[in-house]
Structure formats: structure tokens, C-alpha cells
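All remarks here apply to the structure that follows.
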Amino acid sequence: MDKLTKIKVAGIPEGFQELSFVTNGVTLNYVVGPDNGLPLLLIPGQMESWQGYKCVLPELSKRFHVFVPDLRGHGKSTWTPGQYSYNICGNDLKHFIQDVIQQSTLVAGLSSGGVLAIWLAAYAPENVLAIISEDPPIFSSIWPRIQDEKLMIRNFKVAVDILGKPGKRDVEGYLSEVGIPVEGKSELLKIPTFIIKIMFFLDRINRAVHPDTPYDTPFLPYNMRAGQKFLSEYDTDFSRATIDGDLSRDFCPEEALKRVKCPMLLLWAGAFRHETWGLVGAMEDKDVERVSTLVDDLQRVQISGGHEIHMVQPRRYIDELTKFIDDLRDKKKLP
């Protein structure tokens with residue numbers, strides 16, 4: 001068994017505490033590690049709670065003072081249907097830095113969390129030392145372009161339609177319906193039904209035998225086990241807001257990127273464009289080039305293999321993040 005298979009979704013890493021913070025009428029759940037250096041704020045993506053970073057927390061906490069919140073609508077934080085936008089969530093995080101961290105910080109985020117890292121650098125620059133934006137859909141998920149990205153729209157709609165139904169969350173139904181495009185075909189490739197059945201059969205056995213670790217089904221990789229937890233507990237209105245444009249209301253990505261004056265590391269996983277389903281991924285090459293024209297102090301690294309780089313390639317994620325920060329220190333851009 002590899003290290004990622006052994007990591008448990010349940011539990012808090014050694015040396016960390018789980019706490020809460022009240023701001024803007026909501027309670028944000030978060031974990032914080034030991035004070036071993038500069039503060040580092042890690043922002044989960046949509047459908048992700050703080051546990052998404054468990055693969056990298058022990059190593060990062062040796063060099064940084066790590067903070068990981070659940071965004072509103074995620075994990076143990078307050079659900080606020082109808083009140084999800086980059087501006088609202090960005091202000092939550094701005095107050096979190098000011099009132100909890102209480103000093104300028106390094107900020108890293110995945111996907112929509114990567115967009116929020118950019119938001120903080122743009123609109124709370126006094127609170128940010130540098131940012132690491134991990135495969136952010138900085139243009140592709142923004143209204144009105146998202147209307148043309150059929151795969152992205154479909155994935156969020158499936159979440160709203162299936163996971164958003166009243167009653168027990170039908171995660172099995174959701175996983176049965178999502179799919180990936182195949183070149184030359186209009187039909188999506190879905191997980192075979194028998195695989196889904198085996199997964200959830202093992203899941204039920206694990207819950208019966210180990211009720212204290214309900215998501216740690218044997219043999220599944222960490223990102224799949226953690227993903228079941230995230231899908232079970234987030235507010236699908238966050239996805240509805242993405243589809244309808246409420247998430248990006250009054251947020252201009254070009255304007256935000258122009259305002260980023262601190263150093264920025266862009267990690268992206270690569271993408272391709274399908275003739276039927278549009279963009280497969282978060283950023284295509286022209287999006288990366290567009291970011292490069294708007295941000296002066298930018299480093300770019302492509303890491304193929306999956307959108308959630310810190311979960312599927314944690315060692316590479318740690319190496320790129322620490323190299324970026326060490327380079328900034330060598331150049332006297334960080335204390």
C-alpha cells in the first residue's frame with residue numbers, strides 16, 4: 001500500500017487543532033498547525049473541505065504556520081444558500097487573515113480556491129505576501145463563458161440535481177452519472193456500474209466495521225475516499241451559483257489579475273478541448289498565456305495528472321510550493 005492509501009480521511013493531523021471563527025454572520029471551521037514559520041493559508045476548492053490537504057499538511061507544517069478553513073457551504077462551516085460569490089467568500093477570508101492569522105500571509109488555493117487566492121492578492125494586498133494558484137478556472141468558470149463549457153456546466157448540474165435532492169445524499173447516484181469525454185465520441189465515458197457497486201459494497205462494510213472512519217474504504221486512493229466525504233457535506237447551491245453566474249457576479253478576472261502585484265505561482269494540470277463538450281480541465285494554454293500577460297511577477301509550472309494536484313501528487317505539490325517560496329526568500333522578496 002502506498003502512502004496515500006494509508007492516509008485516513010478521519011482524524012486531525014498530529015500537532016493540529018480544529019477551531020472555528022465567526023465573520024460576516026457565518027461560522028468558518030478551520031484547522032491550524034504548529035507555528036513553525038511564515039503563515040500559509042490553504043484554500044480548498046469547490047466540493048472540498050480542509051481534509052483535502054491532509055496529504056501535505058504534515059510536511060508543510062514543518063516549515064510554515066498552516067491554516068486551512070472550510071469555506072462557507074463546505075465541511076462544518078455555515079451554509080448560506082443564495083449567498084455564494086467570490087466577493088463574499090473573499091471577504092470571509094480577508095477577515096480570517098486579519099482576525100485569526102493577524103499578519104500578512106502566503107496564500108495557496110485549488111480551483112475556485114485558486115481564484116480566491118487571486119482575489120485576496122488583488123483586493124486585500126496588504127494581507128498577502130505571495131500566492132500559489134492551483135489549476136484555477138479563472139476564465140473558464142466565469143459568467144458568461146461558462147455557458148459555453150458544456151462539460152463544466154453538466155458536472156455542476158449533475159451535482160445540483162442529484163446531490164441537492166432532499167433526504168439522504170445519493171453519492172452513488174452522482175458518481176454513476178458523471179463522466180469524461182473521449183476523443184471522437186459524443187457520449188461520456190462513465191464509471192462502469194459494477195465498479196460503483198463494488199465501491200459502495202466495500203463502503204458499507206467499512207462503515208459497519210469501522211464507524212469511526214466511515215470514509216476510509218479499503219483499497220481506494222485518498223482523493224476518492226475524501227471525495228465521498230466532500231460530496232456528502234457541501235451545499236450544492238454553491239454549484240448552482242457557479243452555473244447561474246452568481247459566484248462570479250461583480251468579479252472581473254482580468255481586473256483582478258491586473259491588480260496582483262505580489263509574486264504568484266501558477267500551477268496548472270493541462271487541459272484539452274473536446275468538439276462536443278468544450279474544455280476538459282480548468283485552464284487551456286490560451287488561458288495560461290492570458291494570465292501571463294496580466295501578472296508581472298509570475299512563475300508557471302505545468303503538472304499533468306489531475307486537477308487536485310495537492311491530493312494526487314502531494315510530493316510534487318510540496319516541492320513546487322517550497323521551491324517557489326525559497327526562491328522568493330533568496331531574492332529578498334519574503335521575510
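The values are calculated or read from the model by the stated rules, or taken from the named source; none is laboratory data. It should be emphasised that the depicted structure is a prediction, and the values quoted were computed from it without experimental measurement. As a convention, Cβ positions derive from the backbone with ideal geometry for all residues, glycine included, and neighbour counts pool all protein chains shown. Note: areas computed on protein heavy atoms with side chains; ligands, DNA, RNA excluded. Shrake-Rupley method; radii C 1.70, N 1.55, O 1.52, S 1.80 Å.
Could you work out what % of the accessible surface of the chain is carbon and sulfur, using a 1.4 angstrom probe and leaving DNA, RNA and ligands out of the count? About 53 percent, which is the carbon plus sulfur part of the accessible surface. At a probe radius of 1.4 angstrom, the accessible area of the stretch 219-335 per residue rounds to 44 square angstrom. For the chain, excluding the exposed loop sites themselves (GluC sites (Glu not before Pro), DSSP loop, at most 14 other Cβ atoms within 10 Å), the longest remaining stretch covers 15-182. Over 21 Å apart at the Cα level, from the set Lys261/Lys332; Lys76/Lys229; Lys8/Lys157; Lys150/Lys258, are Lys8/Lys157; Lys150/Lys258. Over the chain, what is the percentage of antiparallel beta bridges among all DSSP beta bridges, to the nearest 5? Approximately 40 percent, going by the DSSP bridge assignments. Dipole check for the stretch 228-335: with +1 at the C-beta of Lys and Arg, -1 at the C-beta of Asp and Glu, and the Cα centre as origin, the magnitude is about 500 Debye. Think of each Lys and Arg Cβ as +1 and each Asp and Glu Cβ as -1; about the Cα centre, that makes the dipole of the chain roughly 460 debye.
Shown here: log10 I(q)/I(0) by the Debye sum over Cα atoms at q = 0.08, 0.14, 0.15 Å⁻¹, derived from the displayed model; of the candidates (1) -0.35, -1.17, -1.36; (2) -0.40, -1.15, -1.30; (3) -0.55, -1.04, -1.14, it corresponds to (1).
Largest to smallest in accessible area, the residues Met224, Met152, Met283 fall in the order Met224, Met152, Met283 (1.4 Å probe, all protein chains included). Scanning the chain for chymotrypsin sites (Phe, Trp or Tyr not before Pro) in DSSP loops with at most 16 neighbouring Cβ atoms within 10 Å leaves 80-218 as the longest stretch between them. A Förster radius of 30 Å, combined with the Cβ-Cβ distance separating Asp148 from Lys323, puts the computed FRET efficiency at roughly 0.25.
The heavy atoms of His210 offer some 90 square angstrom of accessible surface to a 1.4 angstrom probe.
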